[in-house]
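Trainee: Let me begin by handing over the structure; questions about it come next.
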Amino acid sequence: MSRITITVNGQSLVGNTHQPLLEQLEQAGLQPEFQCRNGVCGACRCKLQKGSVSQQDTMAYLAAGEILTCSAIPAQNIELDFDYQVSFVARKAVNL
């Protein structure tokens, strides 16, 4: 597993090269839009500005430069742009 930087609408976070982007964004506390999680609806569509991803087969229409975060796994540092402001959910610290 390689550590990478994922930049979303100018905000950077640490990611990896083995998990779908949607899962990584949620784990970081971001709330991108989604519905199906399997590449059918296209709700998690965003623009890939820099870097590359492994995009699994999808049924949703994708224009040039677009990816679906539910079925895209980053191959290197990437920069994404959503057409909307992605919400951030603060997570409570857990004492173990």
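A short reminder: the numbers here are calculations on the coordinates, not readings from a lab. Values in this document were obtained by computation on a predicted structure and should not be read as measured data. Note that we place each Cβ from the backbone using ideal geometry, even for glycine, and neighbour counts take in every protein chain shown.
Trainee: Please report the orientation-averaged projected area of segment 11-96, defined via the convex hull of its C-alpha atoms, in nm².
Mentor: 6.2
Trainee: Go ahead and estimate [θ] at 222 nm for the chain from helices alone: -39,500 (n - 2.57) per DSSP H run with n ≥ 4, summed, over the residue count, rounded to 500.
Mentor: Roughly -2000 deg cm²/dmol at 222 nm, from the helical runs in the chain.
Trainee: Hey, with R₀ at 25 Å, roughly what FRET efficiency would VAL14 and GLN35 work out to, going by the Cβ-Cβ distance, to 0.05?
Mentor: Efficiency for this residue pair is about 0.40.
Trainee: Given labels modelled 7 Å from the Cα in the Cβ direction, how far is it in nm from THR5 to GLU26?
Mentor: If labels sit at THR5 and GLU26, their model points lie 2.7 nm apart.
Trainee: Please check the chain for the longest run free of trypsin sites (Lys or Arg not before Pro) that are loop-located per DSSP (anything but H, G, I, E, B) and have at most 15 other Cβ atoms within 10 Å.
Mentor: By the stated rule (loop sites, at most 15 other Cβ atoms within 10 Å), 1-90.
Trainee: Of the DSSP beta bridges with both residues in segment 3-87, give the percent that are antiparallel, rounding to the nearest 5. Present the calculation step by step, with values, prior to reporting the outcome.
Mentor: Values: 16 of 19 bridges.
The antiparallel proportion sits near 85 percent.
Trainee: Once you have the Cα-Cα distance between LYS47 and GLN85, take 0.36 nm times their residue separation minus that, and quote the gain in nm to one decimal.
Mentor: Details: separation 38, 0.36 × 38 = 13.68 nm, distance 1.33 nm.
That works out to 12.3 nm of additional length.
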